[in-house]
1. Working carefully through the options 143, 176, find the one that is part of a loop (DSSP other than H, G, I, E, B), of a type outside the set (Phe, Trp, Tyr) and within 19 Å of residue 231 (Cβ to Cβ).
2. Out of curiosity, is residue 348 touching a Lys or Arg at 6+ places or on another chain (Cβ under 9 Å) and open to solvent by 30 Å² or more (accessible area, probe 1.4 Å)?
3. Only one of these conditions is not met by residue 242: (1) part of a loop (DSSP other than H, G, I, E, B); (2) free of Cβ contacts under 8 Å to residues at least 24 places away in the same chain; (3) aliphatic (A, V, I, L, M). Which number is it?
4. Tell me which residues, restricted to the range 424-435, are farther than 20 Å from residue 15 by Cβ and open to solvent by 10 Å² or more (accessible area, probe 1.4 Å).
5. Hey, among the residues in the range 333-342 that are over 11 Å from residue 230 (Cα atoms) and assigned to a loop (DSSP other than H, G, I, E, B), which one's most open to solvent (accessible area, probe 1.4 Å)?
6. Tell me which residues, restricted to the range 225-239, are surrounded by fewer than 20 Cβ atoms within 10 Å (Cβ to Cβ) and assigned to a loop (DSSP other than H, G, I, E, B).
7. Quickly run through the range 337-368 and pick out the residues that are without any contact (Cβ under 8 Å) to a residue 24 or more places away in the chain and over 28 Å from the mean Cα position of the chain (by Cα).
8. If we keep just the residues of the range 479-533 that are aliphatic (A, V, I, L, M) and touching a residue at least 60 places away in the same chain (Cβ under 8 Å), which is nearest to residue 67 (Cα to Cα)?
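The values are calculated or read from the model by the stated rules, or taken from the named source; none is laboratory data. Bear in mind that the values here come from a model prediction, so they are computed numbers and not experimental data. As a convention, Cβ positions derive from the backbone with ideal geometry for all residues, glycine included, and neighbour counts pool all protein chains shown. These accessible areas exclude ligands, DNA and RNA; they are computed on the full protein's heavy atoms, side chains included. Shrake-Rupley method; radii C 1.70, N 1.55, O 1.52, S 1.80 Å.
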Amino acid sequence: MANDQRESRKKQVIAIIGAGISGLLACKYCLSKGFDPIVFESERTIGGVWTKTIESTKLQTPKPFYQFSDFPWPDSVTELFPDQYTVLEYIESYARHFDLLRHIQFNNKVLGLSYGSGDSGTDTDPTSVGGEWTWGGTGEAFSTKGKWNVTVQDTQTLSVKVYQVDFVVVCIGRFSQVPDIPEFPPNKGPEAFEGKVIHSIEYSKMDSTTATGLVRGKNVAVVGFQKSGMDVAMECSTVNGVERPCTLLIRTPHWNVPDYFPWGFPMAKLYLTRFSELMVHKPSEGILLYLMATILSPLRWAFSKFVESHIKHKLKLSKYGMVPEHSFLNELSACLISTVPEGFYDRVEEGALKLKKAKSFGFTKEGIVLEGQDEPIKSDLVILATGFKGIDKLKHIFESPKYQEFIAGSDGSAVPLYRECIHPKIPQLAIIGFSESVANLYTSDIRCRWLGELLDGKFKLPSVKIMEKDIAEWDKYKKRYSKKYYRRSCIGALHIWHNDKLCKDMGWNPKRKKGLWAEWFEPYGPMDYAGPI
């Protein structure tokens, strides 16, 4: 009987949307359980954000923490932060090694998802089943009560086809497609500007020659102080030098790091160990862990100050008025940490880069005007490195307004995902790669492995009530440590605590190290989750 049930599961049709890192991992773990998934990828190649990024971009996470648990980096890659071409080659090697490419339908864009009972094309509201509803009434991944209709367009022929599937894995990420353009008062937006305004997504799609031609000889202003903003500004300063310095507009200074070894000490030993997580208040913590986090709060503060002092010293942040008001732990908890391009502040020192701080800005005929200033920063080109509307992108893949509402949640909460993967009220569907961490490949790997076990029937989901309670606890954590950036859905400083939950669901021992000292004081990384122990 058990074998019959197992074989019947393998006949279920699984659709995966996106062939970036999360989509490839989802495909691999579905295959490992005997399923035959279909992967829809709107582009002509795999790799997600790594296929179209700024020329000078490098890996933001140290290489040991950004690798597949069962496919380590080759010995030939010696750099701690490989460039985009090396990262993309590594991802492509993974796909070839596990024979994933034959399951991917390239140039196939998913236009929408609708959930229906039987052959109906209408969305079914699962909440009508009752407050204790779990998927299919059983908590299992699959259900006979409905299927997903996936509307797909071939981007070359423009033909449209609807696939009916039993489960959907959404792996569309949050850093592409839908740019976050600031809103401006009337006559203060780009329409008032005589120059050119583009978003960094447009810049990142250009090859090096085109990008260089765009900025050469122009007065360029870049808006945004995250990774894209720094990379774009750095490239512009390289092209034009001190003759036409690039202006970088900064709303909020961040603890962008020069390296991951504050004062020569590995940062991973400060923030990626079980001991380090004892200092942080956790979701669903008991009284003992609550007391430990409270007692260790001075040490938590000291760790932040230790890292901050290194960054301030090495980058001379005080000299440039770039010392953030928030702590490094807040930065880590919101997944906002970026590495500063090599030589960035040297360019500031020599005058090829100018840093301007302002809470807001607007456009005039000649350029941009900062809040509290009258004179505009004369510009020919403004590049908005202002991020992406990840939540909008995610919710609009659903045709049902009800499901869109479920995904968006409220302004007072992050996107409500149980185990950062499952919406309790959207059946037969998982979302992987939207919730962030300081090492997204590492996190997506174990989440996709967890999803594979759920699809294989190794465990069941709890009731809606229990899932929503757990989501609320994680939401409290995000607000406490991520502050105003809580909607980024980042597990930040609680990698191990999060992974422990996934391990327990799968029936794995969450303690992955050999020896008491290693268990508490050695950093956890992808290779610790290579398989059950």
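1. Details: 143 fails: within 19 Å of residue 231 (Cβ to Cβ).
Within the list 143, 176, the selection yields 176.
2. Values: touching a Lys or Arg at 6+ places or on another chain (Cβ under 9 Å): yes; open to solvent by 30 Å² or more (accessible area, probe 1.4 Å): no.
So residue 348 fails the test.
3. Evaluating residue 242 over (1) part of a loop (DSSP other than H, G, I, E, B); (2) free of Cβ contacts under 8 Å to residues at least 24 places away in the same chain; (3) aliphatic (A, V, I, L, M) leaves (2) as the failure.
4. none
5. To start, the set of residues in the range 333-342 that are over 11 Å from residue 230 (Cα atoms) comprises 333-337.
When the remaining residues are screened for being assigned to a loop (DSSP other than H, G, I, E, B), the result is 334-337.
Numbers: 334: 0, 335: 16, 336: 7, 337: 31 Å².
Residue satisfying both the conditions and the ranking: 337.
6. Looking only at the range 225-239, we keep the residues that are surrounded by fewer than 20 Cβ atoms within 10 Å (Cβ to Cβ), and these are 226, 238-239.
Selection gives 226 alone.
7. Scanning the range 337-368 gives 346, 349.
8. Within the range 479-533, the subset aliphatic (A, V, I, L, M) is 491, 493-494, 496, 502, 506, 516, 518, 527, 530, 533.
Imposing the further condition that a residue be touching a residue at least 60 places away in the same chain (Cβ under 8 Å) reduces the set to 491, 493-494, 496, 502, 527, 530.
Numbers: 491: 18, 493: 19, 494: 19, 496: 17, 502: 19, 527: 8, 530: 11 Å.
Step by step, filter the range 479-533, then rank; the result is 527.
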